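Here's the structure we're looking at; comments come further down.
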């Protein structure tokens, strides 16, 4: 349980720090690094990075969108046929980021298992 919470917090903090200097894919690098350094078991390898980045990107998108009263988010959600609802866009963005981080976390776990077995 402690390892899960540690991995969740470490992924969020590392994603925040890396996103200051790297583009959007820094979340995948954060999930990969934390999965190698703090190993998780079974399905949690996907879900802990998934939820960590989902929380991070959801909060980050919300804070960016609230700065301009969700005007840009509403226009983009109209283009993506989300009915002009900026909250649906924030949720979709968080889910996409979570999936990318979850897959990266699984890859990190597989790579660490490969090198530890030799």
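Assorted remarks:
- Residue 115 vs. criteria in a helix (DSSP H, G or I) and at pLDDT 95 or above: no
For (1) modelled with pLDDT under 95; (2) over 22 Å from residue 13 (Cα atoms); (3) surrounded by fewer than 14 Cβ atoms within 10 Å (Cβ to Cβ), each residue gets a yes or a no:
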| position | (1), (2), (3) |
| --- | --- |
| 53 | no, no, no |
| 56 | no, no, no |
| 64 | yes, no, yes |
| 69 | yes, yes, yes |
| 81 | yes, yes, yes |
| 85 | yes, yes, no |
| 95 | no, no, no |
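- Matching helices (runs of 4 or more DSSP H) fully within the range 1-100 where at least 2 residues are closer than 23 Å to residue 115 by Cβ and touching a residue at least 24 places away in the same chain (Cβ under 8 Å): 2-19, 26-37, 44-66
The values are calculated or read from the model by the stated rules, or taken from the named source; none is laboratory data. Note that this is a predicted model, so its numbers are computed, not measured. Cβ atoms come from the backbone with ideal geometry, glycine included; neighbour counts cover every protein chain shown.
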